[in-house]
Each structure stands twice: as C-alpha cells, then as structure tokens.
1. Considering only residues that are of a type in the set (A, V, I, L, M, F, W, C) and within 11 Å of the chain's Cα centre (by Cα), look in segment A:93-123 and name the one that is farthest from A:Gly31 (Cα to Cα).
2. Anything in segment B:130-153 that is of a type in the set (A, V, I, L, M, F, W, C), under 13 Å from A:Leu190 (Cβ atoms) and within 12 Å of chain A (Cβ to nearest Cβ)? List them, or say none.
3. Please pick out the residue among A:Glu112, A:Glu85 that is more than 19 Å from A:Pro176 (Cα to Cα), touching a Lys or Arg at 6+ places or on another chain (Cβ under 8 Å), within 14 Å of chain B (Cβ to nearest Cβ) and touching a residue at least 60 places away in the same chain (Cβ under 8 Å).
4. In segment A:13-37, which residue that is buried (at least 17 other Cβ atoms within 10 Å of the Cβ) and among the polar types (S, T, N, Q) is farthest from A:Cys63 (Cα to Cα)?
5. How many residues are touching a Leu at 6+ places or on another chain (Cβ under 9 Å) and more than 9 Å from DNA strand C (Cβ to nearest atom) when one looks only at segment A:39-58?
6. Test A:Asp189 against the criterion of being more than 30 Å from A:Ala32 (Cα to Cα) and free of Cβ contacts under 8 Å to residues at least 40 places away in the same chain, and give yes or no.
7. In segment A:25-40, how many residues are at the interface with chain B (Cβ under 8 Å from one of its Cβ atoms) and in a loop (DSSP other than H, G, I, E, B)?
8. Looking for something surrounded by fewer than 13 Cβ atoms within 10 Å (Cβ to Cβ), within 14 Å of DNA strand D (Cβ to nearest atom) and assigned to a helix (DSSP H, G or I) - is there at least one such residue anywhere in segment A:53-66?
There are 2 protein chains.
Amino acid sequence: MSGTHTDKYQQQHHHAVCAAASVFAEKGFHGASTKDIAERMGIKQGSLYYYFKSKEEALGEVCLFGIEDYVQRMDHIAKSDQPFEAKLLATITSHLSSYREKNEALKVHNDERLYLPKEKRTKLKQLGSRYRESLEGIFEEGIDSGALRNSLDCHFAAQSVIGVCNSWGDIIVRDPNLDLFDIIQKCTDLLLNGFRERRKSARSTT
Amino acid sequence: MSGTHTDKYQQQHHHAVCAAASVFAEKGFHGASTKDIAERMGIKQGSLYYYFKSKEEALGEVCLFGIEDYVQRMDHIAKSDQPFEAKLLATITSHLSSYREKNEALKVHNDERLYLPKEKRTKLKQLGSRYRESLEGIFEEGIDSGALRNSLDCHFAAQSVIGVCNSWGDIIVRDPNLDLFDIIQKCTDLLLNGFRERRKSARSTT
DNA sequence: TATTCTTTCTATAAATCTATAGAATTCTCG
DNA sequence: CGAGAATTCTATAGATTTATAGAAAGAATA
C-alpha cells in the first residue's frame, strides 16, 4: 500500500521487466515460462513472484514500458512548432529508433498485448489511440498547409505510417546490422510522396 | 507409406487444418491446446492425433496452407503481361483478399511460423522469398518503364508493400466490416505515388 | 451376417507450469 | 554485534498439457 520501495528493489524490478520483455519477445507470452524469465535475471523461478504478482502482470508491465515514453515523444512532436514534413520525419525517426533501443518491450506490446485481460488492455488502448490521433492531427496540418491533397483520408494515412514503421521495426529488430538511418530516410520518402498532392491522377477507376 | 486416404479422411483432415488455423490465430501457437482444436472440430482431444503426428506438425500444415496459393497467385501476376501499375494493383488486391478469405491461416503463418523448427521453416522461407523476389521484379519493370525513379531500392519497396499489406490485413481480419476495396485503392495509391518519379526532391539531407 | 478397415473414444503416463508458503540468507542501521 | 527488514531460496500443491495405447463404434464389402 505505502508506495515506498528500496533502491535495490526498484533496480531489480526494472531488471525483471527487461528480462520478461526479452523472453516474451523471443518465445511469446504463452511460450515463455516464469522459469525462463527468472533464469535470464539470474534468480530462481519462485523468486520472480517477489516482483510480479503473476506472469500476466509481468506482461502488463512490459507492454506499458514498451509504449509509454514512445507515446510521450509523439505528443511532443505533435505539439512542436515545425512544418508538416519535419514532423513526419521526426515521427518515423522516433518510432524506428524506439524499436532499435528498447526493441523487445515494444515488440511485445505489439504482438502480445491482446493476451491481457480487457481491463488491462484499456490503458494501452488509450495510449495507442492517443498516438494515432496525434498522427492524424499532423496529417491534417499537412493538408491545411497544402503539402497534402485535400482528399487524403487522415485515418488511413496515420494507420499506414504505423504499419510501415512497425513492419520495418520488426525487420530492424531481427537484423541489427541494418542501417537505421537509411531505412528512416526511405520510409519518410515513401510516406511523404505517397500522400503528397499530385499533378495528375494516374488511374481512373469508375 | 502408401499415400492413399479415404475421402472422409481428407475432408476431416482439411477440417482439422482449418480448426487449428482458427484456434492458433485466436490464441497463438503456445496459447492454444490440442483440446481447443479438437473441440472446435467436434471431436475429443486424443482423436486429433489421428490427423496430426504432433501439435507442431499441425502448425506446419496451417502455415503452409496459409501461404501457398497466395504465392502462386503472385507468380501468376508477375509472369502476366500487364503494365507495372496494373501488376502492383493486382498484387495488393490478391494480398488483401487472401487475408479476408483465408485470413486465419495467413495470419498464423505471419505470426507463429517462427515457432517451427528450422527444417520446417525452410520451405516456408523459400515461398516467402519467392514472393518478395517476384515483387522486386515487378518494381524493376516499373523502373525500366520509367514509371519509377531510377534510384529506387527495389528490395525496400517490395518489403514495404508486404509490410503495408500485412498491417492492413491484420486490421481487416479484426474488423470484417471494413470496405476492402476502399483499402485496396488507398494502399495502391500510397505505394504508387510513394515510389513514383518526382519532379523535385523536397528534402536535402547532407 | 461376418469380416475387415476406418474413425473416434477413454484412460493415462510423463512432463511442465503457475503460484504459494515458509525457511534461509543478506542487508541496513542503531 | 544484533534486531529487524529486505531479498532469495527450496519445496511443493494443483492444474494443465502433449502424446500414446488399446478398446469401442461405425462403415464398407463380400
């Protein structure tokens, strides 16, 4: 109840969250055992319950850890005073860098969060929505500034940015040798051009 | 050894693959039990082993079922005699339609295949590579035809198409009310424009 | 009907996994 | 040092899971 914890507790708790993230990322929530997590920490299986009430709680903490600061960064970008293009670049950079830095927890959030009970998913869903809505706002600014065509579906655009970043994020996680900056650049090019005002529509579908 | 099976066997086997796909898609490979699969088929847990040697073999069959005809369709498109733009549209249509039709097996292939042992993943990996390479070939044609800029990284482009389609595929699976044709159209627009020859580069990064 | 082949069932062995309880150890600080 | 708090360990109950063996039921055929 009283919220105070030892320094060592806090450190070990963080260590536990990282170990759980690592194991969940590798084996999935159900494929990972509490023994696996404990071993990665260097303690015994039973001792893990000093830091987590249950395996599921561990998953909840990992998911939250994976997404929270990444959403905050997005808020920051959205509120900042930059032109649309710069905001999009910053978003993609932030998204992909998050993957490379704390790749495992973010991956776990994306792949395993649906195994959490409904109540626990609510907070995550709110964070996710906040992220998407901020991104939609950026695209609306892009339309207003004339950089993007009026007919653009901002929801589609935001969702597509997230999809492209997550998909490349996965690839980055699997292959740490890839040139992050190169991918950021190419993703930004793709998305900027993909939604930009066009001179002439190429296809005409009745 | 002798390869012949009853009609009923073949039907039930297919039924079993679909049940497994459904359960794996919902709970993940490790989260799903053989009891779950059997129940979805309407038989008892032990009887499942009349159709699969092991749970893992079931996963292997589901993954293969999920990807095989979808790759064949891609071969067909790549070999066909259409301009680049039509091939890209056909690819995206095929990819997203696959998701809507046999969504579960394809989802399982994408999300759970890494839990297969290395040997079993080899065949899947070959199919996946064939898919990506065909797509890269289509982009090369696009460059040759002048529709795409020379500097385009075809590997990046193909991987991005796959990423966008998988990401929207997941969303489509989760929400069957979405307008498939609308999403196909918008994805095609995004990817066509994203890789198209531009008049003037917007950003200049040293 | 009797025979044989196919399909499903029941029961269970063996392994694993989560979570808890209480003992043992280590740390902190007067 | 010594008391109390914090941390980790051991051991285990209880539930679940995969896979197998052999009996039972159903279908096909002569």
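None of the figures in this text is laboratory data; all of them are computed from the coordinates on show. Small disclaimer: the values here were computed from a predicted structure and weren't measured. Cβ placement follows ideal geometry from the backbone for every residue including glycine, while neighbour counts extend to all protein chains displayed.
1. Kept after step one, since they are of a type in the set (A, V, I, L, M, F, W, C), are these residues of segment A:93-123: A:96, A:105-106, A:108, A:114, A:116.
Those left that are additionally within 11 Å of the chain's Cα centre (by Cα): A:96, A:105-106, A:108.
Values: A:Leu96: 26, A:Ala105: 16, A:Leu106: 18, A:Val108: 13 Å.
Out of the qualifying residues, it is A:Leu96.
2. Step one: of segment B:130-153, the residues of a type in the set (A, V, I, L, M, F, W, C) are B:135, B:138-139, B:143, B:147-148, B:152.
So of that shortlist, the ones also under 13 Å from A:Leu190 (Cβ atoms) come out as B:139, B:148, B:152.
Within segment B:130-153, B:Leu148, B:Leu152 meet the criteria.
3. Values: A:Glu112 fails: touching a Lys or Arg at 6+ places or on another chain (Cβ under 8 Å).
Within the list A:Glu112, A:Glu85, the selection yields A:Glu85.
4. Result: A:Thr34.
5. 1
6. On the way: more than 30 Å from A:Ala32 (Cα to Cα): yes; free of Cβ contacts under 8 Å to residues at least 40 places away in the same chain: yes.
In short, yes.
7. Taking segment A:25-40 and keeping what is at the interface with chain B (Cβ under 8 Å from one of its Cβ atoms), we get A:27-31.
Still in the list and also in a loop (DSSP other than H, G, I, E, B): A:28-31.
Of the residues in segment A:25-40, 4 are at the interface with chain B (Cβ under 8 Å from one of its Cβ atoms) and in a loop (DSSP other than H, G, I, E, B).
8. Of segment A:53-66, the ones surrounded by fewer than 13 Cβ atoms within 10 Å (Cβ to Cβ) are A:53-54.
Next, from what is left, pick out any that are within 14 Å of DNA strand D (Cβ to nearest atom): A:53-54.
If we keep only those that are assigned to a helix (DSSP H, G or I) as well, we get none.
Checked segment A:53-66: no residue is surrounded by fewer than 13 Cβ atoms within 10 Å (Cβ to Cβ), within 14 Å of DNA strand D (Cβ to nearest atom) and assigned to a helix (DSSP H, G or I).
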